[in-house]
Structures are given as structure tokens and as C-alpha cells.
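Student: Below is a structure I'd like to ask you about.
The values are calculated or read from the model by the stated rules, or taken from the named source; none is laboratory data. Keep in mind it's a predicted model, so treat the numbers as computed, not measured. Don't worry about glycine lacking a Cβ; one is built from the backbone with ideal geometry, like all the others, and counts go over all protein chains shown.
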């Protein structure tokens, strides 16, 4: 999108993936995006929406917001598409999940905190249900 009022604006399509949890398993559908604002210091404000189709056919919406930041060198390497060890930067989010499927309605009442890893060609997010 170019530079906006707050920084570089990017829309990154979410084109697939897998949900591999103990309570939710399925595929990430090819219909979401990560709307990012990247500030001059390399900090990225993350704002994602996508959907998971579980192995038993439920559709779960995911809205996940957070931040990724770290030392200048690590942020530059990530921006160049390099694999950077997650210990060299911070990527944390909070997620809200929603569904109308009776078997997964419990997600409608939970908050999830997440730890992320940005790979050269993918992103890995670990979700933790807050009880």
C-alpha cells in the first residue's frame, strides 16, 4: 500500500496452512490477510483475519492482533526475507476466535495469547488458551 500516516502499510495474503493443536486441527483457508503497519524503527503492528476449517468441517474465524519488534539488525534481516531465530526478536499477539459450530462454541468465550515465529516463507503461531 505504501507509506501511510503511521508507517509502511502492507497487506500480506494468508493463503493456507495448518492448525495442529490438541483441541483444534484443520487447515487455514486461503481467504485471509495480515494488514501490517511497519514503523520506521522496524516494529510491525500485526492485524490478521483468517479462517480455519477443522478436520470435522467446522469453520472458525480468527482475529489476531499484536506486535513484532527487535534489534535493528534482526528486523532488517526479517524484512529481507531471511530466517531469524525467534530468540532475536519479539512477536506476540492476542487472538479472538469465533464460530457457530456447536462443537467449538467454547472458543467464542476464550482469549488466546500467542507467540509467533516469522520464517522466510511462512509464519508459525502458537496459541495458548487463557483459563
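Student: Of all residues in the range 96-131, count the ones that are crowded, with 18+ Cβ neighbours inside 10 Å and over 15 Å from residue 68 (Cα atoms).
Tutor: 6
Student: Out of all the residues in the range 109-119, is one or more over 17 Å from residue 14 (Cα atoms) and out of contact with any strand residue (DSSP E or B) (no Cβ under 8 Å at 6 or more places or on another chain)?
Tutor: Scanning the range 109-119 turns up at least one residue that is over 17 Å from residue 14 (Cα atoms) and out of contact with any strand residue (DSSP E or B) (no Cβ under 8 Å at 6 or more places or on another chain).
Student: While we're on this one: Among (1) part of a strand (DSSP E or B); (2) more than 15 Å from the chain's Cα centre (by Cα); (3) at pLDDT below 95, there is one condition residue 26 misses while meeting the rest; what is its number?
Tutor: Evaluating residue 26 over (1) part of a strand (DSSP E or B); (2) more than 15 Å from the chain's Cα centre (by Cα); (3) at pLDDT below 95 leaves (3) as the failure.
Student: Return a yes/no flag: does the range 54-69 have any residue that is free of Cβ contacts under 8 Å to residues at least 24 places away in the same chain, surrounded by 15 or more Cβ atoms within 10 Å (Cβ to Cβ), on the phi < 0 side of the Ramachandran plot and in a strand (DSSP E or B).
Tutor: no
Student: Can you confirm whether residue 21 is surrounded by 15 or more Cβ atoms within 10 Å (Cβ to Cβ) and modelled with pLDDT under 95?
Tutor: Spelling it out, it is not the case that residue 21 is surrounded by 15 or more Cβ atoms within 10 Å (Cβ to Cβ) and modelled with pLDDT under 95.
Student: Look at the range 29-50 and say how many of its residues are under 15 Å from residue 61 (Cβ atoms) and more than 11 Å from the chain's Cα centre (by Cα).
Tutor: 3
Student: Provide a single number: the residues in the range 11-22 that are touching a residue at least 24 places away in the same chain (Cβ under 8 Å) and outside any strand (DSSP E or B).
Tutor: Here the count works out to 1.
Student: Residues of the range 39-53 being crowded, with 19+ Cβ neighbours inside 10 Å and touching a helix residue (DSSP H, G or I) at 6+ places or on another chain (Cβ under 9 Å), which ones?
Tutor: 42, 44
Student: Sort out which residues of the range 78-123 are over 26 Å from residue 39 (Cβ atoms) and under 14 Å from the mean Cα position of the chain (by Cα), and write them in order of number.
Tutor: 97
Student: Another one. Filter the range 80-95 down to residues that are touching a strand residue (DSSP E or B) at 6+ places or on another chain (Cβ under 8 Å) and either surrounded by 15 or more Cβ atoms within 10 Å (Cβ to Cβ) or part of a loop (DSSP other than H, G, I, E, B) (or both), then give me how many there are.
Tutor: Number satisfying all stated conditions: 7.
Student: How about the range 24-33: which of its residues are without any contact (Cβ under 8 Å) to a residue 40 or more places away in the chain and either surrounded by 15 or more Cβ atoms within 10 Å (Cβ to Cβ) or within 18 Å of residue 107 (Cα to Cα) (or both)?
Tutor: 25, 26, 27, 28, 29, 32, 33
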